[in-house]
Amino acid sequence: MSLASKKYLFLFAAFLVTTTLNAQEPERSPFFIGLEVSAITKEKHYEDDEFDVNFIPLVFQGVLGKRMDIRLTTIFNYHTGSNPGMGDIGLYSVFPLYFKKKESKSTASSGLYIGPVIGFTNNDVNRYHTMTTALEFGYMFRTSKKFTLGAGMQFGASYFNYSYQENKWVDHLGLKVNLGFWF
């Protein structure tokens, strides 16, 4: 087969694949963009006047299937107290598994869910890295328009990997409230 014949055969195959894919018009999955309004953290080992404020608590949630989503939340904590400055910087993810299956992936997720949580941060102020693992139990409110509210409670543990002292596991308990819009 000549080089010209191979080119035409390749173009014809590409045309068939493209036409077939376009003819199927896959469902468009909605996505959620919002803010986590429960953005204050106080660890057990902090002094009375110490806490962290997440000043860029962006939330993105995408539909993975008729029952499962993925949610990513940014962490940019400013640490207050005796040693102020940029604290934890990182990201955590949740994979909400909804109890009620949707009829279509093109529907915004809502209802009762449970999902595994994994998070990673770096803290230059207190010189540690953390890894958090937890389960989140929550509810994403149904929306008649685009705006909605989601709330969840996380139960788990965080591993603190210090650069100057012995590493340790601590309990993780977190209330997460998200406000945003489905697109």
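All of the numbers you see were taken from the coordinates with simple rules; none came from a lab. Just so it is clear, the model here is predicted, and its values are computed rather than measured. Quick reminder, even Gly has a Cβ in these numbers, built from the backbone with ideal geometry, and neighbours come from all protein chains shown.
With a threshold of 28 Å on the Cα-Cα distance, the over-threshold entries among K42/K66; K145/K176; K42/K105 are K42/K66; K42/K105. Using alpha-carbon pairs under 8 Å, 6+ residues apart, how would you state the relative contact order of segment 30-182 in percent? Once divided by the residue count of segment 30-182, the mean separation gives 20 percent.
What the Cα convex hull of the chain gives, in volume per residue, is 181 Å³. Exposed loop sites are taken as GluC sites (Glu not before Pro) in a DSSP loop (any state but H, G, I, E or B) with at most 14 other beta carbon atoms within 10 Å; the longest stretch of the chain without one runs 104-165. Against the chain, whose longest principal axis is taken from its Cα atoms, helix 3-24 shows a tilt of about 60°.
Assuming charge only on the beta carbon of Lys and Arg (+1) and of Asp and Glu (-1), the dipole of segment 104-183 about its Cα centre is about 480 debye to the nearest 20.
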